[in-house]
Structure formats: structure tokens, C-alpha cells
Amino acid sequence: MRRTLFLALSLALAAPLAAQQRPQLEPLPEPPPPPGVSEDAFEPEVTILKRGEDTVEEYRHKGRLYMVKVTPPHGVPYYLVDQKGDGVMVRQGANPPLSVPMWVLKSW
């Protein structure tokens, strides 16, 4: 008896929810580029070179080299990035520098 009452009550509450129709969604238009900047200004010029066994990808923006990605045949790729814009490349790997955890186990 309780089970049929619960079932009838559940169907009575679920019926209005099932009758609702989903709204018709339309895709949003693409946002316009910022004023004074063309769309292709954000695309870097990528040059892929093969140096020895390494694959080197040079990224340039307006002709200025700002990043180099070096992919060795075995291992993890690493990046050389011009952080200050002065032409000095700094290595950035996929993993941050090793930080060995140190805890005090016992002190007296």
C-alpha cells in the first residue's frame, strides 16, 4: 500500500517536470577583436627545425624570437623563454626545480 502511494506521488510530482520543454539555444557570435588590433596579430610565427636528433620550434612575434621549444628524441620537452625581452633565454622545464621535503623528526 505504501509503495503504490509513494509511486503515485512520485509520478504526480515528476509529470510537470517532464512536460517542460527545453529552451531553444542559439550559438553566441564570435567576439570582435580589440580595437586597433587585427585578428592575425595574436598568431605567432612558428618555425620547426631539426637540429641533430632534437626538434626545435622557434616562436616569433612580429619577427622577434620570444620562445624556443626543444623536444629531445627521448625525454621531456623544455622551453627557452625570453622573459624580459632583452634576448636572454631562460630555461623552463615541464617540471619545477626539485624541492626536497624536510621535516623535523626529533629535537631535544
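Descriptive notes on the structure:
- Of residues in region 71-87 being within 19 Å of residue 60 (Cβ to Cβ) and surrounded by 10 or more Cβ atoms within 10 Å (Cβ to Cβ), the one modelled with the highest pLDDT: 71
- Residue satisfying all of: in region 40-54; surrounded by 10 or more Cβ atoms within 10 Å (Cβ to Cβ) and either modelled with pLDDT of 85 or more or of a type outside the set (Gly, Ala, Ser) (or both); farthest from residue 71 (Cα to Cα) among these: 42
The values are calculated or read from the model by the stated rules, or taken from the named source; none is laboratory data. Keep in mind that what you see is a predicted model, and the values were worked out from it rather than measured. Positions of Cβ are generated from backbone atoms using ideal geometry, with glycine treated the same way; all protein chains shown enter the neighbour counts.
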